[in-house]
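Let me begin by presenting the structure, written as structure tokens, before commenting on it.
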Amino acid sequence: MRGTVMLIDDEAMIRQSTEQWLKIAGFEVQSFEHAEAGLAALDDQFPGIIVSDVKMPGMDGLALMAEARQRIPELPVILITGHGDVDMAIKAMREGAYDFIEKPFVPERLVETIHRACEKRQLMVENLRLQQNLSSQSGLDAKLIGISPAIQRLKRELLKCAELDTNVIIYGETGTGKELVAQCLHEFSGRATHNFVPLNCGAIPEALIESELFGHEAGAFTSADKQRVGKFEYADGGTLFLDEIESMPANLQIKLLRALQEGVIERLGSNQPMSVDLRIVAASKADLRTDDQFRQDLYYRLNVTQLHIPPLRERIEDVPLLFAHYARQAAGQHQRELRRTTAQDIQNLQQYNWPGNVRELKNIAVRYALDGSLAVADVLYPQEPMMSVEPEESTLSLAAQVANFESKVLGRSLSRHQGNIKAVLDELDLPRRTLNQKMAKYGLNRSDFLPESE
């Protein structure tokens, strides 16, 4: 089925012929003679859209739309009228109608519009389902959020690794959540009652990293005025997470290898060896096996098990769920009302490439949650200048200024999506025929926006 349609029209012949046409087109149809009967069958679990006549006895289409959208916010409602009332059309669109079609209508146009409205509704239903599932999750599912095959595979591999109690290398791009995966390895292992100790090898000056790892005695060097316990000692019994391990200096790689082989360390300035029992979880953006600056004997000591975190662009179906999680988290922390994401917001999130991965998504979600004036697209594309009327346009007629604005919107969308017509249709929520007409009107050619390779 292409979607569910609630069809409401008091004219029996039109209602029956439209119902038959929509069923042939693959839609499930529920038809009603009056608005009141349709509303009686409408509940918050309704998965489809409404197609309604405007002029009907009793409650008219506009009143029906207002009541239906009060029950189900952003429910797509397509209004049909034979009266050609432009003022009514403008009023309906302002009040939230998905589209406004005049009788007699072209059946193919109605089917195309209904299909796009159903796609929008399905996005909304899926987003709501994901958010409801999010609130009921526990255990590893509440920490590594996602439903994609890639993240489900990572969860299974992680739980196996946690039980093995071996050293692990985690590979992943910047922002994918390597430290979170390392924390989960620790929390679901037999070492969970001891410390999880993170250290970013790339963030500590080379002169200090040895002291950070192994600690020092008072007087070991000029600024060592008191004894300090190092990360190895503090993680004894637990897990030591070495992020960006590819940044570790060569001389320290040798000392790390010795500590791993012998299970013994010495504080700087001390000759007293100390036994340590801990698990090393290392993380890297690049393959350590092919890194000329990384000792291969240390690599093989660490590389008992590997975990690979997929970039966000490879699990795009997880984006709405992650976005909802971080937006809810930010709203709660700052005592703000949680904003509802629209179907257009979800489309924009899923069309974005996410070069900064989950870290970038979290930042976007936080800004969206805390600034009610912004849509998702405003946060995703802040570098795009605000479109405004040029000074020389101020003397043009309203129609000419609107046409200029519309041409800019279409051109920027085509440019942003590199001529991908489906992406433009989704972003601007337009029927294909309408987009073709407008592109022809403004002289916009798809070929002008394709990447050079095409």
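The values are calculated or read from the model by the stated rules, or taken from the named source; none is laboratory data. Everything quoted here is computed from the prediction, not taken from an experiment. A quick note on method: Cβ atoms are made from the backbone with ideal geometry, for glycine too, and the neighbour counts reach across all protein chains shown. These accessible areas exclude ligands, DNA and RNA; they are computed on the full protein's heavy atoms, side chains included. Shrake-Rupley method; radii C 1.70, N 1.55, O 1.52, S 1.80 Å.
Relative to the longest principal axis of the C-alpha atoms of the chain, give the angle of the C-alpha long axis of helix 250-262, reported between 0 and 90° and rounded to the nearest 10°.
Once rounded, the angle reads 80 degrees.
Given R₀ = 51 Å, FRET efficiency for A220-L374 by Cβ-Cβ distance, to 0.05?
0.45
What percent do you get for the relative contact order of the stretch 1-153 when only Cα pairs under 8 Å and 6+ apart count? Mind dumping the intermediate values first?
Values: 202 pairs, mean separation 30.7, N = 153.
It comes to 20 percent, rounded to a whole number.
Would you mind getting the accessible area per residue of the chain, heavy atoms of the protein chains only, 1.4 Å probe, in Å²?
Values: 22890 Å² over 454 residues.
Dividing the accessible area of the chain by its residue count gives 50 Å².
By how many degrees, between 0 and 90 and to the nearest 10, does the Cα long axis of helix 398-416 differ from the longest principal axis of the chain?
Between the helix axis and the principal axis of the chain, the angle is about 40 degrees.
Tell me which residues come under 5 Å, amide H to amide H, from I8 once H is placed; ignore anything under 5 positions away on its chain.
F32, V51, S52, D53
For the chain, calculate the relative contact order in percent as a whole number, restricting contacts to Cα pairs under 8 Å that are 6 or more residues apart.
Working: 678 pairs, mean separation 55.7, N = 454.
Reported relative contact order: 12 percent.
With Cβ to Cβ distances under 13 Å as the rule, what net charge do the other residues near N200 carry (K, R +1; D, E -1)?
-2
N436 to M93: FRET efficiency via 1/(1 + (r/R0)^6), r the Cβ-Cβ distance, R0 22 Å, to the nearest 0.05? List each step's numbers first, then the result.
Numbers: r = 21 Å, r/R0 = 0.96.
E between N436 and M93, to the nearest 0.05, is 0.55.
Under the rule a/c < 1.5 gives rounded, and otherwise a/b versus b/c splits prolate from oblate, where does the stretch 167-215 land using the Cα gyration tensor?
oblate
What list of whole percents do you get for P(r) of the stretch 120-213, with Cα-Cα distances grouped in 5 Å bins up to the one holding the largest distance?
Cα pair-distance distribution for the stretch 120-213, in percent: 2, 10, 17, 18, 17, 13, 9, 6, 4, 2, 1, 0.
Based solely on its DSSP helices, what 222 nm [θ] is calculated for the chain when runs of n ≥ 4 H residues each add -39,500 (n - 2.57) and the sum is averaged over all residues, nearest 500 deg cm²/dmol?
When only DSSP H runs of four or more count, the value is -14000 deg cm²/dmol.
Starting from the 7 Å offset along Cα-to-Cβ, what nm value, one decimal, do you get for the label separation of L208 and E157?
3.4 nm
For q = 0.08, 0.09, 0.11, 0.13 Å⁻¹, what log10 I(q)/I(0) does the chain give under the Debye formula with an equal point scatterer on each alpha carbon and no solvent?
-0.66, -0.77, -0.97, -1.19
What is the percent carbon and sulfur in the accessible area of the chain, measuring with a 1.4 Å probe over the protein chains and ignoring ligands?
Values: 11320 of 22890 Å².
About 49 percent, which is the carbon plus sulfur part of the accessible surface.
Helix 107-135 sits at what angle to the longest principal axis of the chain, using alpha carbons and giving 0 to 90 degrees rounded to 10?
Computed tilt is about 30 degrees.
Treating only the Cα positions of the stretch 24-80 as identical point scatterers, give the base-10 log of I(q)/I(0) from the Debye formula at each q in 0.20, 0.22 Å⁻¹.
Scattering profile of the stretch 24-80, log10 relative to I(0): -0.70, -0.85.
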